[in-house]
Amino acid sequence: MAKPDPLYEEDLQTTEGRRKAWSGLLLGDHGFLRYAYSNVHALSPRMWRAFQPAPFHVRKFAKMGVRTIINLRGESPTGFYLLEKEACARLGVKLINFKVFSREAPSRETLLAARALFQDIDYPALMHCKSGSDRVGLMSALYLHGHENRPLTEALKQLSLRYGHIKQGKTGVLDHFFQSYQTYAAQTPIAFYDWVEKIYDPASVKADFKATRWGSAVTEGILRRE
C-alpha cells in the first residue's frame, strides 16, 4: 500500500489540505476509535499518559492545566501531527517531540535523555504515543521510578493489558528490558540508572527476547502497533 503524500503546515491553510489532515487523523491513524475509547490516565498530579490527541483533546488537556505535551511519535509530515502542533500553538501548550520505539530495547541515549526531559519540562505535563499503550507505558514507568522515586514493581504496572499493552507480542521487548535489570540487580544490587549507564546492553536484551506467534499476530496484524 502506497504511503499518503506528506502534508506541510501551509497545507492546513487550504480546504483540501485540512480535509486530508483530518482524514489522516480519523481514518489512517484510527482516530475515530479514540472518540469512543479514552485511554487517558493520571500518573501523578503533575503528569498524564494518553493516546494521540485530536485538537479537541488538546483543548481539553489545556483546560485541565497541562502546560507541556510530549509527543513520543516524533515530528512527521502527517495530518495527526500537524493538527496537534497547530492546536498546541493556538492554546499555548508547549509541544515536545521525543521519539521512542515500541519494538526495540530502548537505547542508553534515549533512557538518559528521558531522565533529563522529566527534570526540565514545565509541569503539569502529558505524554502520548499512538494508542497510549506501549511507548507511553515505557515512559510512564521511567517517569514514576526515575522521577517520582516510586518502586519499580509499582511503575511497571504502566506496561499492562489495562492500557492495551501486549507483553507477548514484539512490544514485549519493553518488559524484557526492565526484567533484564531486575535479574541483574537481584544478583548484584545496583540502582536502575547506574545499571543503564554501566551495564546495560540494548543489543543483547533485544536478541534475548522472543515474542510469541499469537502475540505478534495481535500487535502487528490486528492492532497494527507502530
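The values are calculated or read from the model by the stated rules, or taken from the named source; none is laboratory data. Since this is a predicted model, take the numbers as computed values, not measurements. Reconstructed Cβ throughout: ideal geometry from the backbone, glycine too, with neighbour counts over all protein chains shown. Ligands, DNA and RNA are excluded from the accessible area calculation, which covers all protein heavy atoms including side chains. Shrake-Rupley method; radii C 1.70, N 1.55, O 1.52, S 1.80 Å.
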Alpha-carbon gyration tensor eigenvalues x 5, square-rooted, for the chain, Å: 31, 21, 15
Would you kindly compute the Cα radius of gyration of region 50-109 and its largest Cα-Cα separation (Dmax), both in Å? 12.3, 36
Under 11 Å from the Cβ of Q168, count the other residues' Cβ atoms, weight Lys and Arg +1, Asp and Glu -1, and hand me the total. +3
Taking r as the C-beta separation of K206 and D122 and R0 as 25 Å, the FRET efficiency to the nearest 0.05 is 0.15
For N97, which sequence-distant residues (separation of 5 or more, or a different chain) have an amide H within less than 5 Å of its own amide H, given hydrogens modelled in the peptide plane? N71
For region 112-189, report the translational diffusion coefficient in µm²/s to the nearest whole number, using Stokes-Einstein at 25 °C, 0.890 mPa s, and a Kirkwood Rh over Cα pairs. 186
Cα-Cα over 22 Å: which of K60/K157; K130/K157; K85/K167? K60/K157; K85/K167
Give me the percent of accessible area attributable to carbon and sulfur for the chain, probe 1.4 angstrom. 55
Separation of the S76 and S160 label points, Cα + 7 Å toward Cβ, nm: 2.9
Counting Lys and Arg as +1 and Asp and Glu as -1, what is the net charge of the other residues whose Cβ lies under 11 Å from the Cβ of F61? +3
Before I look further, what does the chain give for accessible area per residue, probe 1.4 Å, in whole square angstrom? 51
Among T212, T188, T78, whose mean-square fluctuation peaks in a Gaussian network model of the chain (Cα, cutoff 10 Å)? T188
CD proxy, 222 nm, the chain: helix-only mean residue ellipticity via -39,500 (n - 2.57) per DSSP H run with n ≥ 4, per residue, nearest 500, stands at -11000 deg cm²/dmol
Ranking request for peptides 23-29, 129-135: highest mean number of other beta-carbon atoms within 10 Å first, then the rest in descending order. 129-135, 23-29
Using amide H atoms built in the peptide plane, which far-off residues or other-chain residues are under 5 Å from S44 H to H? none
Short version: ³J(HN,Hα) in whole Hz for each residue of region 48-62, in order, from phi by Karplus 6.51 cos²θ - 1.76 cosθ + 1.60 (θ = phi - 60°), x for Gly and Pro, what are they? 10, 10, 7, 8, 4, x, 7, x, 5, 5, 4, 4, 5, 4, 4
Karplus-derived 3J(HN,Hα), 6.51/-1.76/1.60, for each residue of region 191-206, Hz, glycine and proline x: 5, 4, 6, 5, 5, 4, 6, 10, 10, 4, 10, x, 4, 5, 5, 5
Residue-by-residue Karplus 3J(HN,Hα) for region 82-89, coefficients 6.51, -1.76, 1.60, Hz, glycine and proline x: 5, 5, 5, 4, 4, 5, 4, 5
At most 13 other Cβ within 10 Å, DSSP loop - chymotrypsin sites (Phe, Trp or Tyr not before Pro), region 1-101: Y8, Y37
Mind telling me which of E109, E148, E86 comes out most flexible in a GNM of the chain, alpha-carbon contacts under 10 Å? E109
Taking amide H positions as placed 1.01 Å from N in the peptide plane, with prolines and chain starts having none, which residues 5 or more places from D134, or on another chain, fall under 5 Å of its amide H? none
